[in-house]
Every structure is written in structure tokens, then in C-alpha cells.
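Here the structure comes first, spelled out in C-alpha cells, and everything after it is commentary.
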Amino acid sequence: MRVCLVIPRFFPAVGGAERQAQALARRLLARGHHVAVLTRQLGGLPRHEVLDGVPVVRAIRTIDLGPLFGLTYVLSVARFLLAHRGEWDVIHVSFVYLDAFAAVLTRRLHRMPVIVRPACAGYYGDLARLTRFRVWPLLPFLDSLTIRIVVRTIVRADAFIANSTELHKELIGGGFPPGRIVQIANGVDLDHFFPDPTARLPEARRSLGLPTGLLLAFAGRLDPQKGLHTLVEALRLLAAGCQGARLLIMGDGPQRAELEQAVRGAGVSDRVLFRGLVADVAPYLRACDIFVFPSVGEGMPNALLEAMASGLPCVASAVGGCMDVITDGQTGLLTPPGDAAALQSALQQLIQSPEMRKRLGAAAHDSVASRFGLERMVERYEALFRAAGTGFPLPGGLADVLDERP
Amino acid sequence: MNLCLIIANFWPGWGGAEGQCRLLARELHRLGHEVVILTRHRPDAPSIEQMDGVTVYRTPAVGSGLLRSLTWTLTATAWLRRHRQRFHVVQCYQLLSPAYVGIFGCWRASGRRPSGRQPVVVRPACSGQYGDVAEVRRLPLTRIRQWLLQHVDVFVTLTQAIEAELVEFGLGSVRCQRIPNGVDLEAFRPASPEEKRALRIRLGLPEDRVLCVFAGRLTPQKDPELLLEAWATGRVGDAHLLFVGDGPLRQSLERRIAPASEATRITFIQATPDVAPYLRAADLLALPSRGEGMSNVLLEAMACGLSVVVTDLPVNREVVGKDGRAGWLVAPGDAPGLAHAIETLEKTPTLRRETGAAARARVQERFAIRRVAGEYLSLYAELSS
């Protein structure tokens with residue numbers, strides 16, 4: 001099968017959606033499909049390149065000037081798809097964004113099935129972001145009209161992939177046709193993320209430059225969506241009962257300076273390690289004791305799946321995909337987003353009970369291994385793409401066959 | 001203007017530097033300049049020969065290896081000292097013996113220039129592990145060679161990489177001028193679909209499959225084995241692979257495909273002085289080299305409007321242009337990546353057409369021999385005034 005994956009940003013940008021697209025592309029290639037990634041031309045990067053075995057075409061070219069940006073973006077994607085009419089069996093678009101709009105708008109002309117995969121639900125989700133999108137700087141009333149047209153158009157895509165139950169619900173609430181929404185959760189590479197108790201031994205820790213003692217971990221972009229201020233506050237509350245536990249923050253982002261300040265302000269700077277961007281978090285995760293994920297909005301968080309696959313007991317906010325992944329009290333702990341006191345008490349429980357850490361960690365690993373393996377995800381995509389190849393609209397049963405709602 | 005081009009190996013033969021030397025000589029002659037090529041004697045060619053309006057002088061050498069280089073350097077230097085008065089500028093190909101011929105030949109000579117010696121231009125061929133500087137470092141008397149090379153007036157460099165190596169070798173005091181390789185846009189022009197079909201019938205190549213060509217010496221530097229590996233992955237669609245060239249790896253390559261079913265999808269053709277028909281008959285060029293000066297065949301294939309898949313070397317990035325419209329970049333040694341790029345082009349005629357057209361445009365804009373010869377001429381004019 002010939003699959004074109006369209007995504008607004010690709011490597012070297014590294015968000016969750018980009019990593020999922022990369023993993024999907026590599027696995028589909030390994031399974032004998034023909035795959036290429038279509039993405040935006042960013043300064044200085046070559047237009048045609050094979051990255052990690054994945055062919056990348058940076059053919060989306062824009063003029064970054066007010067309304068011209070959206071216009072050139074859409075025209076650029078449309079031009080590519082029309083020129084490539086009949087050369088792909090499936091067009092898979094990540095994010096509900098201008099690429100999806102362009103692909104669906106010209107659907108009848110290029111006649112290739114378009115499958116749209118929003119990344120995330122909630123305030124930081126695709127639909128909410130779209131409504132905050134400013135197309136016409138001087139004519140705000142045109143914005144809502146434009147966005148309505150964009151959404152109405154995208155709704156006509158051949159199929160949608162929701163990676164969490166929350167997103168599934170949101171799409172239905174947003175007027176997307178339920179019969180064409182398929183739920184496929186993200187996958188995690190179980191060969192790369194696995195538990196290893198010896199990784200927590202002092203010498204193993206030292207080789208990574210990590211301290212001994214109880215170690216909490218967070219991994220992700222440092223931006224407001226990840227709710228790290230709540231975590232800093234919880235650490236402050238925890239001060240007395242933390243038994244010397246420290247927090248390892250892996251990642252970088254716009255909020256870094258602000259967070260470092262907050263950590264100093266809360267008087268916990270001796271207990272927080274900012275490690276910056278880490279190329280491969282797997283060995284670090286294995287070396288930690290607890291994973292904490294205070295996000296206020298999530299699609300299907302790769303970081304959480306990876307921590308669970310590494311056998312870490314996790315404390316996460318009860319938002320988006322976190323709720324699909326964690327059964328509270330069995331495979332992890334869920335706390336209300338933004339509630340520092342609840343987060344503190346959950347952390348306290350885990351810190352004080354090695355037995356509970358062990359139990360939740362093992363359960364987390366087993367649950368992720370059985371439900372969120374990368375192979376399983378790719379098989380589902382493959383089934384969907386194959387169905388798309390044989391002709392849409394989807395035969396009624398397909399959505400149910402693939403449906404992953406618990 | 002009167003010019004002397006010095007090159008160790010010349011026609012018959014078809015290495016990169018030889019091809020560039022011949023092309024430049026022909027273009028300079030066409031523009032009304034007097035060009036002489038000074039090269040090494042070979043048994044199969046006369047000592048003096050007229051070729052495209054250019055006179056080729058071949059001076060003798062004996063023995064082989066270093067002795068041959070040494071004796072040729074002596075005879076060629078003697079020739080140049082006798083005839084140096086005729087020339088405005090002397091240009092040498094490679095940092096090896098031709099450079100020393102130029103340096104000794106013009107040493108303290110009373111020439112047309114008031115300062116009493118002809119300017120010597122040296123053009124190193126290649127950078128990296130297989131490059132000129134690396135070769136000089138391997139040879140004996142490196143320090144003396146380095147001191148001698150400081151007497152060069154200008155280095156013509158193909159790429160940033162060569163420039164950096166020269167500076168690192170202690171030749172930073174010598175001026176460097178960047179001039180790329182050139183390509184003949186007439187001989188290498190895109191073929192129409194009918195023409196392509198006719199060419200393939202004439203050359204006995206498959207008519208209706210995507211044809212991917214590799215042209216060049218079959219040496220480890222060019223890494224032709226990577227193409228066999230790419231074909232062995234089975235991920236190149238229905239593409240047919242054509243090797244044009246000879247070299248030490250040829251036998252092992254042929255042995256590797258002999259028993260496999262791949263034999264029907266891979267063809268070998270002997271090295272040929274005229275590669276244009278093969279390039280014009282093909283759809284893609286794959287160049288998996290681990291090191292390149294500036295590949296002539298890459299420029300020629302681009303001039304023929306082929307989609308090119310090349311390794312991600314700085315020089316190849318320079319050739320395909322900053323925006324990279326004109327080709328595909330693959331990491332060196334990455335067989336699956338190479339296969340995926342070829343598969344992408346095999347399966348999407350649109351991408352093939354677009355990259356091909358962009359390649360032709362890129363070559364026209366930057367590497368046309370007219371333009372390149374013009375750059376050389378303005379350098380010569382500046383040096384001899």
C-alpha cells in the first residue's frame with residue numbers, strides 16, 4: 001500500500017504527534033508498505049531527504065505573513081495532492097489543521113481517501129486550538145466564519161482516528177460523524193521501554209549522573225499544558241514527608257526559566273534536577289522510582305505510556321488519554337488537574353509504600369504491554385488503511401472491529 | 001589569452017578531473033583562447049595531438065608508482081620551462097605531480113608578468129578520506145610538499161570542505177577561489193519520452209520500467225555495493241538498476257547478483273567514454289558515494305533532467321542546492337534508506353518529474369560550462385594583469 005503521511009512539522013521537531021508519525025512510518029515501511037512523509041519546508045532543511053529510513057518530502061511552502069500564511073499553506077498542500085492524483089492509496093493527516101482542510105477540500109479532485117488524526121482533546125486540543133486561530137488580524141469577525149468553514153470541510157473526511165476516549169467524545173460532540181471515527185490508541189515500543197530493577201542501583205544511577213535515593217521523574221515539553229507549577233507546589237507541600245525524594249525533569253520548553261524560578265521560590269531547588277532535552281529517556285525512566293505527569297490536557301501521552309512500559313508507578317492528572325491508560329488505584333494513581341494537595345497526597349502514598357510502588361509498577365507495565373504495544377497500533381492502522389484502499393465510505397462494521405473503547 | 005592546463009592522466013580515460021579539464025579546454029578554445037594541455041605519455045596515444053582545437057603534449061615517464069610520477073615531473077617541468085613564455089596562466093589539476101610541474105616550471109621564470117613568473121593555479125580534485133590533501137599526507141616528504149605548495153598563487157576549490165582542508169594543512173596563506181565543476185548542457189539534455197524509448201531499445205534496456213542508473217568507477221569510495229543491498233531489500237518497486245562503469249569491485253558485484261533472481265533487474269555495462277545516452281535513457285541516478293569532490297556524473301544526470309538520489313555529503317548538498325528541490329539526500333551507508341528513496345520516486349511519477357525539472361534548472365543556473373568557463377577567465381584575467 002502507498003501511504004502519504006501529512007504532518008505540519010516533522011523532525012527535527014519532536015512533539016508526541018511527530019514521534020507517533022515517525023514510529024508509524026517506520027513500522028509500515030518494515031511491513032512492506034510504501035510510505036512518505038509530507039511536511040512543511042523549514043529553514044535550511046533539504047526538500048527531499050531520507051531520515052532514519054523514512055522518506056521525507058518538505059514540499060509545503062508558506063509565506064509567513066498574516067493571512068498569506070494560511071492561504072499559501074492550503075494552496076501548497078492542495079497543489080501537491082492534485083499533482084499526485086492517484087499516486088497514493090491513503091492520505092493520513094496528523095492534526096486537525098490546514099493540511100486536513102486542504103486535503104478534504106480537494107478530495108473530489110485528487111480522489112484519494114483522506115484520514116484525519118487529531119492529536120489531542122480539551123483546551124490544548126486540535127479543535128480548541130483551531131477556534132483560537134487568527135487568520136485575519138484586522139477582521140476578527142471573519143475568523144469565526146473562516147473557522148466554521150474549515151471545520152465543516154474537515155468533517156467530510158473519509159475517516160477520523162481518535163487516540164483517546166475523550167477525543168472520541170469531543171469529535172462526536174463537535175459534529176463529526178460517529179460512524180467514521182475509529183479509536184486507535186498510541187503505541188509504545190516495548191522493545192525499547194521495559195522494566196529493569198537493577199537500573200535503580202547506585203552504580204547504574206551514577207553512570208547516568210543521577211543521585212541515589214528516591215527519584216521522581218517527569219518527561220515532556222516544559223509548557224503550561226503540562227501543569228508543572230502544580231507539581232512544584234505539591235513538592236513544596238511534600239517537603240516534610242518526602243524522605244529526601246528528588247524530582248528529575250527531562251525536557252525543555254518555553255516555561256523552563258519560569259519553572260526554575262518557581263522551584264527557587266518554593267525553596268525546593270535542592271530537590272529538583274533540570275536535565276534538559278534527553279535524546280533517549282528509556283534508561284532514565286528505568287533508573288527512576290515514580291513517574292509524575294501533572295498535565296492539564298493530553299491526547300494519548302507517549303511519555304506516560306513509556307513510563308508505564310518501563311514499569312514505573314505513575315501519578316497522572318485525570319485528563320484525556322491518561323484516563324484511558326490508568327485505572328485509578330490499579331495501574332496508577334489519578335488526581336484532578338491543577339490540584340496540588342491531591343497530587344501531594346498521591347505522591348506521599350507512593351513514597352511511603354515500597355509495596356504499593358511495586359504493585360502499581362508491575363500492573364502498569366502489564367496493562368500497557370497488553371493494550372498499547374506499537375505492533376498492535378500499527379496493525380490497526382494497517383487494517384484501516386487497507387479498508388480505505390478498497391473504497392470508502394467504510395463498511396458499517398469496520399469502526400466496531402477497530403474500536404478500542406474500554 | 002594563452003593557457004596551459006597540466007594534468008597527469010588525460011585522454012583516453014574518463015576520470016572526473018580529466019573530463020573537467022577537457023570540457024574547460026574545449027570551452028576556452030570556443031571562446032577564442034589558446035589552450036595547451038600538458039600530460040603524461042602513454043603507449044596508446046601520440047606525443048602531440050590536436051583535440052577539439054586544443055593541443056595535447058605528452059611528455060615521457062618511466063617505471064611505475066612514485067618513480068613514474070618523479071620522472072614525469074622532471075620531463076614535464078623541462079617542457080614547461082622551455083615553453084613557459086607562451087603562457088599567461090598555468091593551471092594544474094590535483095595537488096600531486098601536476099602541481100609540482102607548475103611550481104617548478106614557473107619558478108623564478110622571466111615571463112610576461114612584471115614580477116617575472118606565470119601565475120600558477122592549482123585545482124585539487126577531492127576532499128575527505130580519498131581526497132588530495134589526505135593523499136599528500138600519506139606520501140613521503142610531506143613537509144617539503146607543504147612548503148612547495150605555498151608557492152601556488154590560487155587554489156581553485158570545488159567545495160567548502162576542500163578549502164577547510166587546505167587551511168588545516170597549513171596552506172591558509174594561499175588565496176582560494178571557489179569555482180564549481182561545469183557540465184555541457186548540449187550533450188546532456190533531457191530526452192523526450194519517445195527519445196527515451198528509442199534510446200532504451202537501441203541500448204537493450206527495459207522499456208517500460210523505471211530505470212535507475214549508477215555511472216562511475218566501481219570502487220569502495222563510490223560504494224556501489226550499497227545499491228545491490230538496496231535492491232536486495234526488495235523495496236525499490238519495479239525499478240531496474242544499470243551499472244555503467246568498471247573498477248576493482250566489478251567482479252565481486254557481478255558474482256553477488258549472479259545466482260540471485262536479481263539478475264533480471266540489474267544490468268552491467270562496461271565503462272564508456274560517452275555516458276550521455278545511458279543517462280538520457282534513464283529516469284533516476286543513484287550515487288551512494290562515501291566521498292566526492294564534485295561528481296561530474298551527478299551534474300550530467302541533473303542536466304539530463306534525472307531525479308537524483310545522493311548521499312548526504314556537504315558537496316552533494318551544494319550541488320542539489322540550498323532548498324534541496326533538485327534531489328534526494330540519504331545518509332551514507334544506509335541501504336534501506338536508499339531503497340525507500342528509490343521506491344518513493346519509482347512509485348510517484350510526479351515527484352520524479354518535479355525533481356528532474358528542478359535538477360535541470362539548478363544545473364543551468366549554476367553549473368553550465370559557459371558560466372564556469374567565464375568564472376575561470378575572470379580569475380585568469382585578474383591574475384595576469
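The values are calculated or read from the model by the stated rules, or taken from the named source; none is laboratory data. From a predicted model like this one, the values you see are computed outputs, not experimental measurements. Glycine gets a Cβ as well: all are built from the backbone with ideal geometry, and neighbour counts include every protein chain shown.
Would you say A:Phe10 is away from every other protein chain (no Cβ under 14 Å), of a type in the set (Phe, Trp, Tyr) and part of a helix (DSSP H, G or I)?
no
Residues to consider are A:Gly15, A:Gly53; find the one that is out of contact with any Pro (no Cβ under 6 Å at 6 or more places or on another chain) and either at positive phi or more than 8 Å from chain B (Cβ to nearest Cβ) (or both).
Among A:Gly15, A:Gly53, only A:Gly15 is out of contact with any Pro (no Cβ under 6 Å at 6 or more places or on another chain) and either at positive phi or more than 8 Å from chain B (Cβ to nearest Cβ) (or both).
So which of B:Glu225, B:Glu195, B:Glu229 ends up being more than 18 Å from the chain's Cα centre (by Cα), farther than 30 Å from B:Arg255 by Cα and of a type outside the set (A, V, I, L, M, F, W, C)?
It is B:Glu195.
Give segment A:255-287 a look and list any residue that's touching a residue at least 60 places away in the same chain (Cβ under 8 Å) and part of a helix (DSSP H, G or I), or say none.
The answer is A:Ala282, A:Pro283, A:Tyr284, A:Leu285, A:Arg286, A:Ala287.
Residues A:Phe80, A:Phe95: which one is within 12 Å of another protein chain (Cβ to nearest Cβ), touching a residue at least 40 places away in the same chain (Cβ under 8 Å) and not acidic (Asp, Glu)?
Only one candidate qualifies: A:Phe80.
Just for segment B:350-379: of the residues that are crowded, with 21+ Cβ neighbours inside 10 Å and farther than 12 Å from B:Val183 by Cβ, which one is nearest to the chain's Cα centre (by Cα)?
Residue satisfying both the conditions and the ranking: B:Tyr376.
Which condition from (1) within 17 Å of B:Leu383 (Cβ to Cβ); (2) modelled with pLDDT of 95 or more is the one that B:Gly111 breaks?
For B:Gly111, the failing item is (2).
Answer with yes or no whether A:Val74 is away from every other protein chain (no Cβ under 13 Å), β-branched (Val, Ile, Thr), buried (at least 20 other Cβ atoms within 10 Å of the Cβ) and over 14 Å from A:Cys4 (Cβ atoms).
So A:Val74 fits the description; yes.
Kindly state which helices (runs of 4 or more DSSP H) lie completely within segment B:130-216 and contain at least 2 residues that are among the aliphatic types (A, V, I, L, M) and under 30 Å from B:Glu382 (Cα atoms).
Qualifying helices (runs of 4 or more DSSP H): B:132-138, B:142-149, B:160-166.
A:Arg148 passes all but one of (1) on the phi > 0 side of the Ramachandran plot; (2) surrounded by fewer than 20 Cβ atoms within 10 Å (Cβ to Cβ); which number fails?
It fails just one condition, (1).
Enumerate the helices (runs of 4 or more DSSP H) found wholly within segment B:271-372, keeping only those where 3 or more residues are out of contact with any Ser or Thr (no Cβ under 9 Å at 6 or more places or on another chain) and more than 12 Å from chain A (Cβ to nearest Cβ).
In segment B:271-372, B:276-281, B:296-303, B:349-366 are the helices (runs of 4 or more DSSP H) which contain 3 or more residues that are out of contact with any Ser or Thr (no Cβ under 9 Å at 6 or more places or on another chain) and more than 12 Å from chain A (Cβ to nearest Cβ).
Do you know which residues across segment A:89-103 are of a type in the set (A, V, I, L, M) and closer than 16 Å to A:Ile149 by Cβ?
Of everything in segment A:89-103, those that are of a type in the set (A, V, I, L, M) and closer than 16 Å to A:Ile149 by Cβ turn out to be A:Val96, A:Leu98, A:Ala100, A:Ala102, A:Ala103.
Looking at B:Pro206, B:Pro220, B:Pro248, can you tell me which residue is more than 28 Å from B:Arg366 (Cα to Cα) and either under 17 Å from the mean Cα position of the chain (by Cα) or basic (Lys, Arg) (or both)?
B:Pro220
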